[in-house]
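Chemist: Here it is: the structure, laid out below.
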Amino acid sequence: MKRLVLALSALALAGTAAFADPIAERQAIMKANGKALKSIAGIAKGAEPFDADVVMAALKTLNDDAQKIDVAKLFPEGTETGGDTTASPKIWEDMEGFQKAVEKFRTDTAAAVAASPADLDAFKAEFGKVSQNCGSCHETFRIKKG
């Protein structure tokens with residue numbers, strides 16, 4: 001029994017340690033967001049048929065991830081240059097503006113989920129708002145790769 005408790009404790013500690021690094025944690029959230037957006041981008045472009053279940057799964061992922069973005073926790077001083085990050089120094093120069101961008105993303109993803117788009121036109125309207133948030137935030141607060 002002691003071994004089981006120790007093993008479970010070690011696993012819990014390892015899981016917590018994996019996200020003790022704010023750069024790794026924020027990158028994991030952004031990677032999940034990218035994957036969710038990619039899963040519905042073809043639908044928004046009309047290249048794939050509308051599928052309400054796929055759309056709602058992606059929107060829920062985006063909303064869940066948006067709610068996880070704690071600016072103070074994920075973007076503390078000192079993480080603007082440490083590690084492999086594309087976060088722009090503008091985040092730390094304009095923390096208030098960045099917080100507002102995150103809050104807008106939260107609001108718009110929650111609204112998209114609440115709207116529960118049942119057809120392509122309704123989905124496109126919600127997708128436009130959500131993806132515009134991503135684009136404008138990345139334009140201002142992310143260093144372009146390459």
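Chemist: Setting aside same-chain residues fewer than 8 positions from residue 68, which lysines have a Cα under 26 Å from its Cα?
Modeler: 31, 35, 38, 60, 90, 100, 104, 124, 129, 144, 145
Chemist: Please state the relative contact order of the chain as a whole percent: Cα pairs under 8 Å, 6+ residues apart?
Modeler: Value for the chain: 27 percent.
Chemist: Can you give me the pair-distance distribution of region 21-141, C-alpha pairs, 10 Å bins, whole percents?
Modeler: Pairs per bin, as whole percents: 13, 45, 28, 12, 1.
Chemist: Right, next: Around residue 140, with a cut-off of 10 angstrom between Cβ atoms, what is the net charge of the other residues, counting Lys and Arg +1 and Asp and Glu -1?
Modeler: In short, 0.
Chemist: Still on this structure, I have one more. Any chance you could run the full-extension gain for residue 54 through residue 29? It's 0.36 nm times the residue separation minus the Cα-Cα distance, nm to one decimal.
Modeler: 7.1 nm
Chemist: Can you find, among 98, 33, 52, the residue sitting farthest towards the positive end of the charge dipole of region 21-141, where Lys and Arg contribute +1 and Asp and Glu -1 at Cβ?
Modeler: Farthest along the dipole direction, towards plus: 52.
Chemist: Sticking with this one: Pull up all non-local amide H partners of residue 142: gap of 5 or more, or a different chain, and H-to-H distance under 5 Å with H placed in the peptide plane.
Modeler: Those lying under 5 Å, H to H, from residue 142 are 88.
Chemist: Taking the Cα centre of the chain as the origin, how large is its charge dipole in debye, to the nearest 20, when only Lys and Arg (+1) and Asp and Glu (-1) carry charge on their Cβ atoms?
Modeler: Value, rounded to 20: 400 debye.
Chemist: A follow-up question, please. With the crude spin-label approximation of a point 7 Å out along Cα→Cβ, what separation in nm comes out for residue 121 versus residue 70?
Modeler: 4.3
Read-outs throughout are calculated quantities, based only on the coordinates presented, and are distinct from any laboratory measurement. Only a predicted model underlies this, so the values are computations on that prediction, with no experimental measurement involved. Glycine also receives a Cβ, built like all others from the backbone with ideal geometry; neighbour counts cover every protein chain displayed.
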